[in-house]
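No lab work stands behind these numbers, since they all come straight from the coordinates. In this text the structure is predicted, and so the values were computed from the model without any measurement. Every residue, glycine among them, receives a Cβ derived from its backbone with ideal geometry; neighbour counts consider all protein chains shown.
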Amino acid sequence: MPIDSRALVWFFLIACIPPWIGWSLLRFGILPSDGAWQALYLTGWGASAAGLIATYMEEGAHGVRRLLSEAVRFSVPLRWWLFVLFVPILANAGTVLLYVGISGNVVDFEPSNFLGLIAPSMLITFFLGPFGEEFGWRGYLLPRLARRFSVLPAVLLVGVIWAIWHWPLLYQSFVAAPGRELATTMVGVVYMSVLIGTVYLRTGSLLLAMLLHWHINAVREISGRVFLGVPEGSDLLWWCGFGVSVSVAALTIPALLVAGRDKHRSPRGEGGVTVS
C-alpha cells in the first residue's frame, strides 16, 4: 500500500505549524509564558490531531476507529507490560551506577521517591505529551514509513523528525551549547523512538506506546530525587547516559526486527500492525 502523499503533506502541516507558532510565541518572549498563555503549549496536540485527520483521509472512519481502539488496547503479552514498566527505570539506574563506578562519587538512593511517579502533577503529563503526540508519530507516521523503508530505518527516521519537531522548545539550549544539546536531543529522542516504536509495532497498542513515552520522561524527571548527589550537568554523567541509551536501544533492535518479518510486524500473533 503506497503512502498517500496528500495525506502525508496535511499530516506535517497540522502536526508542525500550530505548535511551532504556539511554542515560538512563548519561548521567544512574544507572549508571557505563564498564566492563561501556557495553554499554547497544548498546540503540541497537533501531532495527534494530524495523525487522526491524515488517517481519516487515507482510510476513512474505519481507520480512525482502529486508532482509537489501539489507544485502549490493554490485552498484550505480559512481557511488553514489563518492558514498559521496568526498562526506563533500569536504564536510568544503569546510567547512575555507571557514573558511580567510573567517578567513585557517593550517591544516596531514596527508592521511596519513586512514588513521585504517581503524583497527580506527574500523571497529568501523560495528557500533555504522549496523548497529544502518539496518534501522529506511532499511530500514523511510523507504519507508513515502515512500509516504505522497513522497520529499523522507519523508527530512526521518526526519531529524527520528532526531534526536529521540538525545535522551538529547545532553541535557547541549542544557542547556549549547540553541539552538546543537539547530540543530547537526537540521541535521547531516537532512543525513545526505537523503544516506543518497537513496543507499538510488536503489540499494536497505542496505549502502551503512550505509557512508555510518559514513563521515560517521568523517570528522567524524578531521577534527581531518587539518586541524590548526582551533579546535574556533569560531562561524565552525560557520557554515561549516552552509552546506556545507545546500549538499550541496540539491545531492543532484535525485537524490533522481528516486527518486520513476513507481512506482519508481529508474526507470532501478538497484535502488531500490518506492514504490507
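Below is a table of values for the structure above.
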{"quantity": "Estimated FRET transfer efficiency (SER5, ASN105; beta-carbon r; R0 41 Å; 0.05)", "calculated": "0.15"}
{"quantity": "Ranking of THR184, THR125 by count of other Cβ atoms within 10 Å, fewest first", "calculated": "THR125, THR184"}
{"quantity": "Helix runs (DSSP H) in the chain reaching 18 Å along axis by Cα, Kyte-Doolittle at least -1.0", "calculated": "5-27, 46-59, 78-103, 151-165, 178-203, 206-226, 235-258"}
{"quantity": "The chain: C-alpha pair distances exceeding 25 Å, %", "calculated": "48 percent"}
{"quantity": "Euclidean distance of C-alpha centroids, segment 139-213 and segment 1-68, integer Å", "calculated": "16 Å"}
{"quantity": "Taking LEU142, LEU13 and counting other C-beta atoms within 10 Å, the order from fewest to most", "calculated": "LEU13, LEU142"}
{"quantity": "Descending principal axes extents, segment 113-234, alpha-carbon based, whole Å", "calculated": "46, 34, 21"}
{"quantity": "Gain upon complete extension [ARG66, PHE242; 0.36 nm per residue less C-alpha separation]", "calculated": "59.7 nm"}
{"quantity": "Summed residue charge, Cβ within 14 Å of GLN172's Cβ, Lys/Arg positive, Asp/Glu negative", "calculated": "+1"}
{"quantity": "Overall Cα dimensions of segment 114-156 - principal axes, largest extent first, Å", "calculated": "41, 19, 10"}
